[in-house]
Amino acid sequence: MSQPLLSIQGLKAQFNSSSDPVRAIDGVSFDIHEGETFALVGESGCGKSVTALAALRLLPSAAQVTEGKVFYRGVDLLRMPEMRMRENRGARISMIFQDPMTALNPVMCIGDQIAEAAVTHKKADAGEVRKNVIELIKQVGISDAEDRYHSFPHQLSGGMRQRVLIAIALTNDPDLLIADEPTTALDVTIQAQILALLKDLQRQRGMSLWLITHDLGIVSSMADTVAVMYAGQLVEVSSRDAFFKKPAHPYSQRLFDAIPNMDNREEALVTLPGSVPSLSQEFIGCRFAERCEFKMKACLDNDVVDWSIISESQQARCCRIGDIDIKLTEAITETYQTISKMDGESLRVNDLKVHFPIKKGLLKRTVGQVKAVDGVSFEIDAGTTTALVGESGCGKTTLGKALLQLVPITSGVINYKGQNLATLSESDFQAHRDQLQIIFQDPFSSMNPRMLVGEILEEGLRALQPDLVDLAIEERCESLLLKVGLTADVRLRYPHEFSGGQRQRLCIARALAVNPSIIVCDEPTSALDVSVQAQVLNLLKSLQRENSLGYLFITHDLSVVSYIADNVAVMYLGRIVEYGTVNDILNNPSHPYTKALIAAVPTWDSALEKQVIKLPDEMPSPSSPPVGCHFYARCSEAKPECEENYPSTSDISPTHQVNCWLYNNA
Amino acid sequence: MLMPLWTDMAFFILMLGGLYLGWRSSKREHLRRPWKRVFKDTVGVVSLTVLLVFILIGLLDSIRFQQVTNTQSSQQDVISLLDVVLTPMRTQVEKTYSAPFSHTAYAKEMGVDKEGVAKRIYPRLKYGAAHLNNPVTDKFADILKKLMAGTGFSLLVWLGLMFILWGFNKRSFKFVQSKGTKSFLFTLLGVLMIVGAIASLSPFYHVLGTDKVGEDVLYQAIKSIRTGLVIGSLTTIVMLPIAISLGLMAGFFRGWVDDIIQYLYTTLSSIPGVLLIAAAILMAQVYMANNPELFTTVEDRADMRLLLLCIILGITSWTGLCRLLRAETLKIREMDYVLAARALGVGPIKILKRHVLPNVMHLVMITIALDFSGLVLAEAVLSYINIGVDPSTYSWGNMINTSRLEMAREPIVWWSLLAAFSFMFVLVLAANLFADSVRDAFDPRSNT
């Protein structure tokens, strides 16, 4: 084979801290060939981004490369003077980052930001640069390139900004583009477009792509070669086909198992015991051994586990490759007994509206309304889960908060136990606070860093049941902690001492403390790694069965929906456009928006290979929604009447309703 | 018999409150951790030690009692514990100006020389270097000897302390290994040496000279410490409740509460503070002149004026912190943990107390430390334009104010200004460095 474009050999980097150095990457070697897409996969904290930054010599000052070589076309980048490195960085190798919101300078128009990248590396005539920039803006799929040249970042949506970042990265025709989680901050529909764009550009220009991601779906649709990283080391390097046919390393296997889907609804997800080991320790033997169910003595005998070659295109760092045949379902899974409908009150929401006034001027007069939630109806039965799906900004979270009166309700009915909760005053609602609880998305901001875990758990009990004695409260806290899989002694610790998954367990325990019957789960797993997500989903599911809890599960992840939901409501711009059982929605989507959402999810099952439905524009603003169907402007199947009136609800089956003119025959 | 003044009591209550808060925060891990970092920081420990010395002096100066000085006239004098300690300096009053370590007055007077001829000479001082028969030749050696004795004695005391510590720590010097303890002990040595030197020199010399009425300048400067501390700390105490309560309320409740509070502080901060202070002080002076029965002694009046100055400074200086706290509260009220508490039915007052206040405490802490030095300086500026403390109160501002005229003399009288300046400089520098160290320790972003 010819010389690889980029070859990383035995790269080691560490973060120096006051105590032990954290060896963030510890001997990583791989090659990226010309025109190849190389995907680096792993959970957060395993050293993916550090590897890319180390290769580009962009590590923060606290970190340093201690060993290893990075060859770019045969030249070692790590031993190059900084002057020459700068010629390569951004011109020959460029990088796009995860968050398009912070990566652009807010006071420079995007054209100038792209031009800056061009001018830095080669002198050119201003007119020519401008022409090139406009050409680039066109290439990354932004319409009206000439007008957009003078747009500022805040005038663009997240997807557009990511396109601008790609344009900046492509300015100098790089040979290698490093994309560090390029779509994690974006909606699934936008993600599909960005991925398609990257693929097209790569084909046109013949460049290599180094993709860093945690999403196996993206890997499958993009990559030629896959490398799995665990605790600072690669554990498996494989071609895409071999990897998705049969992952060799037990860890890769577990990554697949942890992904929720429709088929394993009735059983608990396979989870990894324990957590990722601390990188400041000295490792002996296999780093994964502690959490591996195939562990034997030999795994810990050698200092370093060598690569085992499985086939020409697949190798893994596991000493039991030869004699074990890892199977998907070999791990112990507990199945849930199927349960019939539980008895208990159900929560009925009817025509709920949450409008935020837009105030302007000296006298703060209301000049308009942001219709965040605009007439939503659904119900949650005890012991079932209703999932609320939609892109960001569609009003999902506002709806969830409105149920708990955390945002003021404009109008509508929330019927629970024969009472309309929506019209209750703050103090009257207090009596119902123990019925409804909420779990938040970000496990780091949802607990007060200055309070002990015990105090956090007790807070609700003390507020809602002031006559409880201390001893009873303490006992209750301990039983709650045991229930969510933690030990009772964590009561005297602070939240920052816990990992993301453990914190989310604590948040669940806090919500459970007051014995609610309905819990609003606002994307409780979207900030977590897939293996931790599996643990939290398992916990939520088993708690539901024990206490016949009703969940309103707000999420954008359709794989989670397929695993946990009983009913699904698809929300678009403040309204529910399709409502049905999980089967109705996922297997028989009717609304064009639902179809687009489902099609946009990347998957590795080639049998399910499907055409991505491109949603042209971005979502309209909820302060001035279109007159007719809200989805009209982006819909590929739009008809003239769609523009004029909002479609009424039509029944597809007794359990399945849709708001779309396509089905409105009556 | 103890004769406390209003400011004395306020100062003591403040110190007790500070001790209580310190005890409380030592129980709470999230507060103990940053303080531990302060105690490990060399600059933090050194500046804290210096501050503690200043506070100790301030406390000594706040314990007042009546002393019968003259039994015949039964005239009673209220003096403080510090005055007792500084007795030679306090009582050895010369006629007028004399330079530091001088044995003669600063100006010529008519006198009789050795031959008995009347002419204008520099007269010998009554106390300064009075024990020397031939000061011109012996003074330097005498000063050096006394300096050595003083510092040597201090060194012995320090070594004795080390020996006791060594005994208490199971006869090992392990305790010195911690960076904080080491810097504390060495700063203590430095402070002890200065104190020792002053103690051995001051009965015989005016170390920093004397002022117009012959009072020891060093004594004045030391007495001024209390005024500086009182102004710095009492003002903060006046300001804190206003700033914290209004800032939190504005940020948390929004709506009309926010509008009113914002209106209040924008209005207040657009009026020059000096103007308000001048108005309040002048009004108070008129009131005191009209009601002499309420303020029987000069000291009472001076003290009332000091207290008033603290209050008025507090009322004019809360806006900055209030604005800061409002902005931070706006951020915190949207945090998920506040929403979670609301979902759990926790009342707004409890949310403010339990969730918001502890999370803005680092800002309060930083502001207190930064404002303290600003206020000490403000006192000097206000006294300079005569709307500060009462002219009879010892304060650095008053010292600078009087030395304004002395600077215009020929030959120049420079020591009053220098003394006030260097004391203020040390206190403000220590407070600023300590504030820096506290800020670094409490900054959540540096917690990694």
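The values are calculated or read from the model by the stated rules, or taken from the named source; none is laboratory data. Values in this document were obtained by computation on a predicted structure and should not be read as measured data. Neighbour counts run over all protein chains shown; Cβ positions are idealised from the backbone, glycine included. With ligands, DNA and RNA removed, areas are computed over all heavy atoms of the protein, side chains included. Shrake-Rupley method; radii C 1.70, N 1.55, O 1.52, S 1.80 Å.
Remark: relative contact order (chain B) = 20 percent; criterion is Cα-Cα distance under 8 angstrom and separation of 6 or more residues.
With the whole protein complex present, residue B:417 retains an accessible surface near 60 Å², based on a 1.4 Å probe. So which GluC sites (Glu not before Pro) in region A:470-567 are both in a DSSP loop and have at most 14 other Cβ atoms within 10 Å of their Cβ? When the GluC sites (Glu not before Pro) of region A:470-567 are filtered for loop state and at most 14 Cβ neighbours within 10 Å, nothing remains.
Annotation for region A:148-198 versus region B:88-149: alpha-carbon center distance of 85 Å. Checking the cross-link pairs A:138/A:360; A:48/A:138; A:131/A:639; A:396/B:331; A:246/A:295; A:371/A:595 against a 29 Å limit on the alpha carbon distance flags A:138/A:360; A:48/A:138; A:131/A:639 as lying beyond it.
Taking amide hydrogens as placed 1.01 Å from N in the peptide plane, the amide H of residue A:96 sits under 5 Å from those of A:178, A:179, A:180, each at least 5 positions away in sequence or on another chain.
FRET efficiency for the pair residue A:304 and residue B:33, taken as 1/(1 + (r/R0)^6) with r the Cβ-Cβ distance and R0 = 45 Å, rounds to 0.75. Distance between the C-alpha centres of region B:276-306 and region A:229-285: 79 Å, rounded to the whole angstrom. A straight line joining the Cα centroids of region B:1-48 and region A:547-606 runs 58 Å. For the residue pair residue B:170 and residue B:133, what label-to-label distance in nm results when each label sits 7 Å from Cα along the Cα-to-beta-carbon direction? Distance between the two pseudo-spin positions: 6.1 nm.
For the residues B:256, A:210, B:158, a 1.4 Å probe over the protein chains yields an accessible-area ranking, largest first, of B:256, B:158, A:210.
FRET efficiency for the residue A:465 to residue B:56 pair, using the beta carbon distance and R₀ = 56 Å, is estimated at 0.65.
Angle of helix B:42-62 to the longest C-alpha principal axis of chain B, folded into 0 to 90 degrees and rounded to 10: 70°. Here the spin labels are modelled as points 7 Å beyond Cα on the Cα-Cβ line, and at residue A:266 and residue B:161 they lie 7.8 nm apart.
With the cut-off at 1.5 for a/c, could you classify chain A from its C-alpha gyration tensor as rounded, prolate or oblate? Oblate is the answer for chain A, as a/c is 1.5 or above yet b/c matches or exceeds a/b.
Karplus-derived 3J(HN,Hα) values for region B:31-36, using 6.51 cos²θ - 1.76 cosθ + 1.60 with θ = phi - 60°, are 8, 5, 4, x, 5, 4 Hz; glycine and proline are entered as x. What is region B:223-431's relative contact order, in percent, from Cα pairs under 8 angstrom and six or more apart in sequence? Relative contact order for region B:223-431 comes out at 30 percent. Each residue of region B:143-160 was assigned a 3J(HN,Hα) from its phi angle through the Karplus curve 6.51 cos²θ - 1.76 cosθ + 1.60 (θ = phi - 60°); the sequence is 4, 4, 5, 5, 4, 4, 4, x, 5, x, 4, 4, 4, 4, 4, 5, 4, x Hz, with glycine and proline shown as x. Take each residue in A:459-470, count the other chain C-beta atoms within 10 Å of its C-beta, and the mean is 3. Computed over chain B, the range of Cα coordinates on each principal axis works out to 97, 66, 43 Å, biggest value leading. First select every other residue whose beta carbon is under 14 angstrom from the beta carbon of residue B:20; then total the charges, Lys and Arg +1, Asp and Glu -1. In short, +3. In the full protein context, the protein assembly as shown carries 46 Å² of accessible surface per residue, based on a 1.4 Å probe and ignoring ligands, DNA and RNA. Taking Lys and Arg as +1 and Asp and Glu as -1, the other residues whose beta-carbon sits under 9 Å from that of residue B:206 total -2. Close amide H pairs (under 5 Å, H built 1.01 Å from N) link residue A:209 with A:36, A:37, A:38, A:177, residues at least 5 positions away or on another chain.
Say R0 is 25 Å: what FRET efficiency, to the nearest 0.05, do residue B:148 and residue B:85 get from their beta-carbon distance? It comes out at approximately 0.65. Placing +1 on the Cβ of every Lys and Arg and -1 on the Cβ of every Asp and Glu, with no other charges, gives region B:223-431 a dipole of roughly 620 debye about its Cα centre. Relative to the longest principal axis of the Cα atoms of chain B, helix B:217-253 runs at roughly 10 degrees. For residue A:154, the accessible area of its heavy atoms, probed at 1.4 Å with every protein chain present, is near 130 square angstrom. Other protein chain C-beta atoms within 10 Å of residue C-beta, averaged over B:262-269: 0. Counted by Cβ distance under 11 Å from residue A:289, the other residues give a net charge of +2, where Lys and Arg count +1 and Asp and Glu count -1.
Note on A:424-434: average number of Cβ atoms from other chains within 10 Å of each residue's Cβ is 2. Relative protection proxy for A:85-95, A:122-132, from highest mean packing down: A:85-95, A:122-132 (other beta-carbon atoms within 10 angstrom). Normalised by the number of residues in chain A, the mean separation of alpha-carbon contacts (under 8 Å, six or more apart) gives a relative contact order of 12 percent. Heavy-atom accessible surface of residue A:80, to the nearest 10 Å², is about 20 Å², with a 1.4 Å probe and all protein chains retained.
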